[in-house]
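This report concerns only the one structure given below.
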Amino acid sequence: MSDAWRDLDDRDDAWRRWQMDELGQPQRDQQERERKRREAIRQQAFQRNAEIEALREKVREEARQEGFAAGQAEGYQAGYEQGLAEGREAGETELKHQTKKTLAPLAPLAQHFSDALTQLDHEIADDLVELALTTGRQLAGDALDAHPEQILDIVRELLHADPTLSGHPRLWLHPADLSLVKAHLGDEFSAAGWRLQPDDTISRGGCRVTSPSGELDATWERRWATITAMIRQRKQSPSARGDDSQTASDEEASDD
């Protein structure tokens, strides 16, 4: 009996009162599953859209960075070239300024040195002229000693070339030259009315002529003094120096 009642109690526990909602439960479950599926699809679509947008933003950012880098590089290159040109120009200007500043104190020294060289040139030129005159005088004296007959040309020129001497002129000569002139030109002077006179104060190679109309000094000393004066006057003449400078400039130009 007890077992029968126990079985009955078990059946009571398993039994449940039927309700109308229990018939629609499977449909609600299916709807819930469909909702979850759609929600999952929506979430996936949202996720994909977010990933695509992130990728687009990444591409845009990379493009911006590349454009910025390219523009920066181009601007840097342009700025570098401009800065380099300005730096070179500034450097050249500064170099010229420093060079001018450095050389400025040397200008008076250079001018003084140039003036000293000019003065030295003049002094050397004077010395050379004096040396040339001294040497020429010595050579001329040696030539007269070696060829004393040169006096014949001198007195012949006086005899035929100077019409101002009149009234029986007298020709004064060194005794040795007098003998030489008499031997070679005595007849010519006699025919012209000239008288030959000895004068041992006159150097060989020279002579002196006196007449009522005037006097002519053709002594060696006088002729040499005239030559020396002409040379020195020409050397000291500004026009002569200008001609010499122009000649030197022309020679330098032709050499270039």
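The values are calculated or read from the model by the stated rules, or taken from the named source; none is laboratory data. All figures in this text were calculated on a predicted structure; none of them were measured in a lab. Cβ atoms come from the backbone with ideal geometry, glycine included; neighbour counts cover every protein chain shown.
Tabulated data for the structure shown
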read-out: Every residue from region 142-163 that is at pLDDT below 70 and touching a helix residue (DSSP H, G or I) at 6+ places or on another chain (Cβ under 8 Å); value: ALA143, LEU144
read-out: Residue in region 164-175 that is out of contact with any strand residue (DSSP E or B) (no Cβ under 9 Å at 6 or more places or on another chain) and either under 14 Å from SER203 (Cα atoms) or modelled with pLDDT under 90 (or both) present; value: no
read-out: All positions within region 178-221 that are surrounded by 16 or more Cβ atoms within 10 Å (Cβ to Cβ), part of a helix (DSSP H, G or I) and under 60 Å from the mean Cα position of the chain (by Cα); value: TRP220
read-out: Yes/no for GLY186 being at pLDDT 85 or above, touching a helix residue (DSSP H, G or I) at 6+ places or on another chain (Cβ under 6 Å) and within 17 Å of LEU158 (Cα to Cα); value: no
